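See structure below.
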Amino acid sequence: MRTGSEPATARSALRARFWLSLWGLVWAVFGTAVFALTGHFGWALACGVLWLVVTADLAVILRHLRQGPHYQPGRNIPPYLPPRR
């Protein structure tokens, strides 16, 4: 059921974000290590910064998942009502 207010009341697919962030974390750690070992310190620094960003995003995702069904509702919870104007 579409209400027309989806951008304002959209829900995030937190489990998908969790796995994608975990995948990004693995690659950021791998990239940081490989570039540091091969002497490409600029690229290692870029991967290190990406590592920090992905870690922060993963912490936010885990926090929202632990907060329960308000942030990760199941199929039996109806969509949010559109905002009243």
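The values are calculated or read from the model by the stated rules, or taken from the named source; none is laboratory data. What you see is a predicted model, and the numbers here were worked out from it, not measured in a lab. Counting neighbours? That spans all protein chains shown, and the Cβs are built from the backbone with ideal geometry, glycine included. Quick note on the areas: whole protein, heavy atoms, side chains included, nothing else; ligands and nucleic acids left out. Shrake-Rupley method; radii C 1.70, N 1.55, O 1.52, S 1.80 Å.
Heavy atoms only, probe 1.4 angstrom, no DNA, RNA or ligands counted: give me R15, R84 ranked by accessible area, highest first. Kindly include the intermediate steps, with their values, before the conclusion.
On the way: R15 145, R84 225 Å².
Descending accessible area places them as R84, R15.
Just add up the charged neighbours of L62: K/R +1, D/E -1, any other residue whose Cβ is under 12 Å from the Cβ of L62.
Numbers: positive: R15, R17, R63, R66; negative: D57.
Overall, the nearby charge balance is +3.
Taking all protein chains together and rolling a 1.4 Å probe, H40 ends up with roughly 100 Å² accessible. Spin-label pair A36-R15: with each label point 7 Å from Cα along the Cα-Cβ axis, the two points sit 3.4 nm from one another.
Counting only protein heavy atoms and using a 1.4 Å probe, the accessible area of T38 comes to about 80 Å².
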